[in-house]
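The structure appears below as structure tokens.
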Amino acid sequence: MADLSTLLAKEASNEIEAILSEANERAAQITAAARSEAEAIVSERERRAKAQREAGLVRARSAAQLEASAIRLRAQHEGVRSVFEDARRQVDALVADQGRYPAVFEKLLGEALAAAREVGVSAVEVAPADVELARQALSRQGVNAEVRAADDVKGGVRVRTTRRSAVENTLYDRLETMAGELAAEVSQVLFGAKAE
């Protein structure tokens, strides 16, 4: 019976060792699988974090480029506006210069009269300060027309026709027309780049 007991104990011991060995092997497999899964999760999170960081960098770079473009465009706009404001100040100075303005005024009047002559001139409207200047210029050009003061005409003339149309020829209108036409060229000169 002792032998049987020893034999059973030995067999139980072998069985226990086999179960422990199998349990250790299974634990090693579970640990390896868990480690592999954890590494995959960490790797996926790192990949996502890197993708988010790269997307953030792209967004930041795009935003910076957009802001730089906006700043450049504002600078171009301000530069062009400044040039035309300076031109307007020079026109103001010319209109106020009684030595130079009468000749310019007479030329503006002559051009407007020529454009309206076919349909007939009924009146000439000028700034209140230019009424006498217009009368003298009309007299020199042999044109008999009423001269009216108009607060909305400055730096030139508006010729009213017998058909109730008008030909306006002022330095300020010309400047506004040129501003639209020359803005891109002024920007090119100022900044060496096409205006956008």
Of the candidates R81, R160, R164, the one satisfying the condition of being at pLDDT below 90, in contact with a strand residue (DSSP E or B) (Cβ under 9 Å, 6 or more places away or on another chain) and among the basic types (K, R) is R164
request  = Please tell me if E181 is surrounded by fewer than 14 Cβ atoms within 10 Å (Cβ to Cβ), under 30 Å from S69 (Cα atoms) and at pLDDT below 95.
outcome  = yes
Check: What about Q90, is it assigned to a loop (DSSP other than H, G, I, E, B) and under 30 Å from A134 (Cβ atoms)?
Finding: no
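I'd like to know if the range 60-71 contains one or more residues that are surrounded by 11 or more Cβ atoms within 10 Å (Cβ to Cβ) and either at pLDDT 90 or above or basic (K, R) (or both).
No, because not a single residue in the range 60-71 is surrounded by 11 or more Cβ atoms within 10 Å (Cβ to Cβ) and either at pLDDT 90 or above or basic (K, R) (or both).
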Original post:
Would you say A75 is under 30 Å from L190 (Cβ atoms), surrounded by 10 or more Cβ atoms within 10 Å (Cβ to Cβ) and in contact (Cβ under 8 Å) with a residue 12 or more places away in the chain?
Top reply: yes
Evaluate the range 122-144: report whether one residue or more is under 37 Å from the mean Cα position of the chain (by Cα) and of a type in the set (A, V, I, L, M, F, W, C). no
Within the range 137-178, of all residues that are of a type outside the set (A, V, I, L, M), farther than 21 Å from A114 by Cβ and in contact (Cβ under 8 Å) with a residue 24 or more places away in the chain, the one surrounded by the fewest Cβ atoms within 10 Å (Cβ to Cβ) is D151
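The values are calculated or read from the model by the stated rules, or taken from the named source; none is laboratory data. Fair warning: this is a prediction, and the values are worked out from it, not measured in the lab. When we count neighbours, we look across all protein chains shown, and the Cβ atoms used for this are built from the backbone with ideal geometry, even at glycine.
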